[in-house]
Amino acid sequence: MNSVMKMKIHAEGRNILIILMMIFIVINLSAWMFIRPVAIPVIFTAISVVFYFLVMNFFRSPHRKFTGDRHNMVVSSVDGTVVALEEVFEPEVLKCRCIQLSVFMSVFNVHANWYPVDGEVKLVRHHSGRFMAANLPKASIENERSTILIHTDNGHDVLARQIAGAVARRIVTYAEPGDRATIDEQMGFIKFGSRVDLYLPLDTEILVKIGDTTTGGITPVARLKEISHD
């Protein structure tokens, strides 16, 4: 599926990149001025450049536009790999059985989070918790997390949950109750690796499988069942 993408640095990473740049300038200038042989400051500089570009890569913020059929469509919230796809009981908000679809982000993925559906944000809730590895099944209910409940334009309730990981210690949620949710807009950001879980009705048609890679705001992952209004 085609998408229009324009790369920029995410607002969540700009201050970090500025501070990191200043630190590297001080370290490398000192190394070039006072350390010999010259091979040592050369190594310092090479390591600094590689590390800086890795961090910059992490804070990419592409502009994305979903061009497919949006009717009843669920689109991946994040870039990453599908690590969970199962029927579960969601005890905190939906309080019913549903399909859990989880996508794990590595440190090399874009970490912006997009809304998975078009609709209205009905609830946003933060849950304190642990910081175990985000690819573990228990992370969904035991880790630090933020929950966003969206009522779709076609009458479904879809739950998106941002989950912190062993490295990720900061979840940023832009969504607020009453906001208009659209697939093309970002609902948040998770710094330094984690995952997003989607909780979908049991009769949802799933379009991906475990191990598939997804692109946030672009990859269709499910299709909600049409609700009869008779």
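With a cut-off of 8 Å between alpha carbons and a minimum separation of six or more residues, what is the relative contact order of the chain in percent? Mind dumping the intermediate values first?
On the way: 530 pairs, mean separation 55.6, N = 230.
For the chain, the relative contact order is 24 percent.
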Item to check | Shape of segment 59-134, Cα gyration tensor, a/c cut at 1.5 | outcome: oblate
Checklist entry - If you take the beta carbon distance between Ile18 and Ile40 as r and set R0 to 30 Å, what does 1/(1 + (r/R0)^6) give as a FRET efficiency, to the nearest 0.05? => result 0.70
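Where Lys and Arg each count +1 and Asp and Glu each count -1, what net charge lies around Met56 among other residues with Cβ under 12 Å from its Cβ? Please report the intermediate quantities before stating the final value.
Numbers: positive: Lys8, Arg14, Arg60; negative: none.
Around Met56, the charge tally is +3.
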Checklist outcome for this item: Of all lysine pairs in the chain that are eight or more residues apart or on different chains, those with Cα atoms under 22 Å apart total 11
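Taking Cα pairs under 8 Å and at least six residues apart, what relative contact order does segment 144-224 come out at, in percent?
Details: 117 pairs, mean separation 22.3, N = 81.
Relative contact order for segment 144-224 comes out at 28 percent.
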Checklist entry - With a sphere of radius 12 Å drawn around the Cβ of Trp114, what net charge do the other residues whose Cβ falls strictly inside it have (Lys, Arg +1; Asp, Glu -1)? => result -2
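Here, each number is a calculation from the coordinates, and none is a lab measurement. Everything numeric in this text was worked out from a predicted model, so none of it was measured. So basically every Cβ, Gly included, is an ideal-geometry build from the backbone, and we count neighbours across all protein chains shown.
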